[in-house]
1. What does the charge count near residue 114 come to, summing +1 for each Lys or Arg and -1 for each Asp or Glu among other residues with Cβ under 12 Å from its Cβ?
2. Tally Lys/Arg at +1 and Asp/Glu at -1 over every other residue whose Cβ is under 10 Å from the Cβ of residue 55; what's the total?
3. What is the chain's relative contact order, in percent, from Cα pairs under 8 angstrom and six or more apart in sequence?
4. How much length would be gained if the chain were fully extended between residue 34 and residue 80, taking 0.36 nm per residue of separation minus their Cα-Cα distance, in nm to one decimal?
5. At R0 = 41 Å, how high is the FRET efficiency between residue 53 and residue 99 if r is their beta carbon distance? Nearest 0.05 is fine.
6. Between 102, 38, 78, whose Cα lies farthest towards the positive end of the dipole of the chain when Lys and Arg beta carbons carry +1 and Asp and Glu beta carbons carry -1, centred on the Cα centre?
7. Rounded to the nearest 20 debye, what is the charge dipole size of the chain about its Cα centre when +1 sits on each Lys and Arg Cβ and -1 on each Asp and Glu Cβ?
8. Cα to Cα, under 24 Å, and not fewer than 8 places away if on the same chain: which lysines meet these conditions relative to residue 92?
Amino acid sequence: MRIDISLEVVVYRTGSGTEPVRKWLRGLDRDDKRAIGSDIKTVQYGWPIGMPVVRKLDTGLWELRSRLDQRISRILFTVHGDTMVLLHGLIKKSQKTPKEDLQLAKDRKANLEK
């Protein structure tokens, strides 16, 4: 039996108080924000969820996969209890998630666990 839970969604905050994912989202156009927001809501109210919306990248690390007009975005996130923490956002330019972006999300996830 599958039990869906509703997640609270928060953005990662650095030690200096900045919120990189929120800043990244603000730089996108309205239609892109709407598409990504819809996908976040799908995960928020349908967790756990798999492909094509969410793909597991590593232990406790997933990517939210959003199709935009002519582009593809990813938000790398983790789930702590009933909270979805948005760690990093990017527009993909290649098939594979760049190592630097993956490492940044892993580092931010590690900071949460301290």
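1. 0
2. With Lys, Arg at +1 and Asp, Glu at -1, the net is +2.
3. In percent, rounded to a whole number, it is 26.
4. This chain segment gains 14.1 nm when fully extended.
5. Taking R0 as 41 Å, the efficiency between residue 53 and residue 99 is 0.95.
6. Final value for the positive-end residue is 102.
7. 300
8. Here the lysines satisfying the reach criterion relative to residue 92 are 23, 33, 41, 56, 106, 109.
Bear in mind these aren't lab numbers, they're just calculated from the coordinates by the rules spelled out. A quick note: this is a predicted structure, and the numbers were derived from the prediction, not measured. No Cβ is skipped: glycine too gets one built from the backbone with ideal geometry, and neighbour counts run over all protein chains shown.
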